[in-house]
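Quick notes on the structure that follows.
The values are calculated or read from the model by the stated rules, or taken from the named source; none is laboratory data. None of these values were measured; they are calculated from a predicted model. Positions of Cβ are generated from backbone atoms using ideal geometry, with glycine treated the same way; all protein chains shown enter the neighbour counts. To get the accessible areas, we keep the full protein, side chains included, count just its heavy atoms, and leave off ligands, DNA and RNA. Shrake-Rupley method; radii C 1.70, N 1.55, O 1.52, S 1.80 Å.
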Amino acid sequence: MEAKRLVLEGYTDANWGGSTDRKSVGGYVFTLGSGTISWASKKQPTVALSSTESEYMAITQAAKESIWIQRLIGELGFTGSVKDGNIIYVDNQGTIALTKNPGHYAHTKHIDIQYHFIRECVKNGNIALQYCLDKRDDSGRDDKSPAS
């Protein structure tokens, strides 16, 4: 009988230009099994020119956290017991395309180099991005779930 594996899931989102100074707020949450193990929400340091750019900046922060969590799990000796630890769910398909297609570079030269870190993470397999639907319930809370 195979041992049950924990599932590490990451979700990220940003509200493009949602602050009075037009800066976006980006955030992420990571769950392991049924519990939240890490989360953050922070105003982005620069004004994003599109929702794709705002999400791109949020994903970069989430990728750094995911890599740290994966390393911690490995150092604790639980590497084989965690499933799909490198997947981060994103609700912006343009952002996913931007991480996979360097051909878009001419349109993104203004994005700070630090945010292109996510491209390298996707390219080398440390992070995989997967589209998820952004559903809001009647209370206005976000409910992110992987797209089928």
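Worth pointing out:
- Only one of the listed residues (G17, G85) is modelled with pLDDT under 85, assigned to a loop (DSSP other than H, G, I, E, B) and surrounded by 14 or more Cβ atoms within 10 Å (Cβ to Cβ). That residue is G85.
- Number of the exception - W68 against (1) more than 17 Å from I118 (Cα to Cα); (2) surrounded by fewer than 19 Cβ atoms within 10 Å (Cβ to Cβ); (3) modelled with pLDDT of 90 or more; (4) not β-branched (V, I, T): (1)
- The set of residues from the stretch 20-44 being part of a loop (DSSP other than H, G, I, E, B), closer than 20 Å to G80 by Cα and open to solvent by less than 50 Å² (accessible area, probe 1.4 Å) comprises just one member, G33.
- Test: residue in the stretch 72-79 that is in contact with a Pro (Cβ under 7 Å, 6 or more places away or on another chain), at pLDDT 85 or above and surrounded by 14 or more Cβ atoms within 10 Å (Cβ to Cβ): no
- Pairs where the first residue, in the stretch 23-37, is within 13 Å of A63 (Cβ to Cβ) and the second is among the small types (G, A, S) and open to solvent by 30 Å² or more (accessible area, probe 1.4 Å), C-beta under 7 Å, 6+ apart: Y28/A40
- For the stretch 45-54, filtering for residues that are part of a helix (DSSP H, G or I) and open to solvent by 10 Å² or more (accessible area, probe 1.4 Å) leaves 3.
- Filtered residue count, the stretch 1-58, keeping only those that are touching an Asp or Glu at 6+ places or on another chain (Cβ under 9 Å) and of a type in the set (S, T, Y): 7
- Restricting the stretch 88-117 to residues that are closer than 12 Å to E53 by Cα and aliphatic (A, V, I, L, M), the residue that is modelled with the lowest pLDDT: I111
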